[in-house]
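One structure is given below, encoded as structure tokens.
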Amino acid sequence: MKEIFIFFAGFTLGASVALLLAPESGADLRANIKSKVDDDLPKLKSDFQASMKKTDQRLDKVEADLKKLKHSPDDKQEKYKMTTEEVTLVLVNAGYLSEADVDAAVVVLQDALVIDAAEDAQAEAAEDYSTQQDLVAEAEVWASEDAAEGDIESALVDDEIIEEAQDQMEVDKEVMVEAEVVIEAAYSDAAAALLAAELIDEAELEAVAVAIANAIDEEEE
């Protein structure tokens, strides 16, 4: 913002130099220079201050939105987490696990089916992605308004906000993909652990992994 004030101040100075080169008397030149500075400088200051205030307000809003996201309660994540006991019962009902082996299977799954951290990361990234999308849409409106008003400096700030939000969206997408890979691997690891404990048949290994994945996915929906 300071740069725009310097630019206009330089513009006024340039105009003053031009007046000095014009064929007028010294007294007239000085009067014209003083008049132009007196007329233009207050407006330049006012425009600069208004632009600063508008940008500050927008940056404050962006910061507030990000803080709200960071400190928002994670009730939804807790609601959708399925216990190992529930997964075990799904396997019993599907015929992959005997009722006599339920307790042993619960112990195995508690060690092998570790997806909480990945699910949390995935949920947080998805929520942040949505927030950044909203921010991009809002900043695009700001940029359009600023361009229409001729407020080039604020429009440039808006473009920076958009660019940073889009960069963060790419990061969020990468996190979601990586978390999904970890979660899918955990389903296979859980089935393999049940096989190693001789609680399921080898022929049903892949089907058990799919059943675990489907049980958790259905609970989240």
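Once phi is turned into θ = phi - 60°, what whole-Hz ³J(HN,Hα) does the Karplus curve with 6.51, -1.76 and 1.60 give for every residue of the stretch 170-187, x standing for Gly and Pro?
5, 4, 4, 4, 4, 4, 5, 5, 5, 5, 5, 4, 5, 5, 4, 5, 5, 4
If you take the square roots of the eigenvalues of the alpha-carbon gyration tensor of the stretch 94-147 and sort them as a ≥ b ≥ c, do you get rounded (a/c under 1.5), prolate (a/b over b/c) or oblate?
prolate
Take peptides 84-92, 116-124 and line them up by average Cβ neighbours within 10 Å, highest first, as a rough protection proxy. Mind dumping the intermediate values first?
Numbers: 84-92: 18.9, 116-124: 16.6.
Ranking, from highest mean packing down: 84-92, 116-124.
Order of 188-194, 165-171 by packing, highest average Cβ count within 10 Å first?
Details: 188-194: 20.9, 165-171: 15.3.
Result, highest mean first: 188-194, 165-171.
How big is the dipole moment of the stretch 90-157 about its Cα centre under a simple scheme where the beta carbon of each Lys and Arg is +1, that of each Asp and Glu is -1, and everything else is neutral? Debye, nearest 20, please.
460
Give a residue-ordered list of calculated ³J(HN,Hα) values for the stretch 150-161 (Karplus: 6.51 cos²θ - 1.76 cosθ + 1.60, θ = phi - 60°; whole Hz; x for Gly, Pro).
x, 8, 5, 4, 5, 4, 5, 4, 4, 4, 5, 4
The numbers here are math on the coordinates, done by the rules we state, and not lab data. What you see is a predicted model, and the numbers here were worked out from it, not measured in a lab. Cβ sites come from the backbone with ideal geometry, for glycine too, and all protein chains shown count toward neighbours.
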